[in-house]
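Inspection log for the structure reproduced underneath, given as structure tokens.
All of the numbers you see were taken from the coordinates with simple rules; none came from a lab. For clarity, every value in this text was computed on a predicted model and none was experimentally measured. Heads up, the Cβs are rebuilt from the backbone with ideal geometry, glycines too, and the neighbour counts pull from every protein chain shown.
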Amino acid sequence: MRKHRVSNIWRCKMDHVIAVPFDPDLAEFIGKRGSTNSITFYNRKVGEDIITAIMPSSITDKFYALAEVLLVAEQVVISTKKIDKIFGEVLIACSLLGKPVLFTDDNDISGIIGGANIGYKIVSKANLMESILAYKRDPNNDYVRIDIDKAFNVKGVGSVVLGIVTKGVVKTHDKLYHSSGAVAEVRSIQKQDVDMPEAGYMSRVGLALKNLESDDIEKGDLLCSKKIAKTSKFEIELNQSKYANEEIDVDKNYGVAVGFSYVISRVAEIGSGSIILEASKPLSMEIGDSVLLVRENVPRIFASGKVKNIW
């Protein structure tokens, strides 16, 4: 594939969120380890650009976190140091999502990825940062949306959420709808522990909020400049992996990942190219959001979809 060149014109002051599905050594090469729960965050500043790498804290214990990081990130960086079952599962998940992939050059994988149906580039560690920063994307400035991964209370400050700006630019004093319907005001914004007047697309942010208690905020909730609500029933357009061999029937249960949310959901109806799911607890989502379906058998991430309808 054609090698991307870094342009200072469009690269200036950009934020990038990348998924590192496994290999902590690779994640630590990319950035300094930060906060962790089911997902561990690694942060690095390169000139005026900021890279946030997100990796499941333990695929063994919390496999669903793999689906979450793949959904939220704009690019995927895959280590080829170890070619095993997990490597194969990640390849299938990436082909379902259609996101660009950077492979390390530790091992020759030319005989493996030929039929994977993904856009990819093989890079050395020496060129990895340049390749991450060279990614061009749609800035998604329609409105403001923050996907939340953590919320807590800080004495003297109040409610603080950590999350990623997945649409638009958030500014101090913005009024944002929470998934519960409450309206919160942004008191302050931090990026890399530095106070900022605003934060743009793909920024990893900490927001201090007015009018919303941290106890009322869950991982996977959204803050948005338009009204948004949680739902337990939704329809997705279905894209199933050819390697899955899964018969989807009414009343079957699957794990459903959307953004930073993951819940078990029941197949309520099957349509032509789509299915209607009923979640075991309400989820925050919008029409058009990407979804991954998870089962017990390998490959565990066996299907993807776009949210078509919400009730």
Give the Rg (one decimal place) followed by the Dmax (whole number) of the chain, computed from C-alpha coordinates and expressed in Å.
19.1, 57
Give, as ranges by residue number, the residues of the range 74-94 whose backbone N falls under 14 Å from the point 7 Å along Cα→Cβ of N245.
none
Environment charge of F41, counting only residues whose C-beta is closer than 9 Å and scoring Lys/Arg +1, Asp/Glu -1:
+1
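Quote to one decimal, in nm, the extra length available between Q190 and D61 on full extension: 0.36 nm per residue of separation minus the C-alpha distance between them. Working shown, then result.
Details: separation 129, 0.36 × 129 = 46.44 nm, distance 3.10 nm.
Length gained, Q190 through D61: 43.3 nm.
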Past 18 Å, Cα to Cα: identify those pairs from K233/K308; K99/K219; K45/K167, in the order given.
K99/K219; K45/K167
Listed peptides 214-222, 56-64 by packing density, highest first (mean Cβ within 10 Å)
214-222, 56-64
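Divide by every residue of the chain the summed helix terms, -39500 (n - 2.57) for each DSSP H run of at least 4, and state the resulting mean residue ellipticity at 222 nm, rounded to the nearest 500 deg cm²/dmol.
On the way: 6 runs with 46 residues, N = 311.
Helix-only estimate at 222 nm: -4000 deg cm²/dmol.
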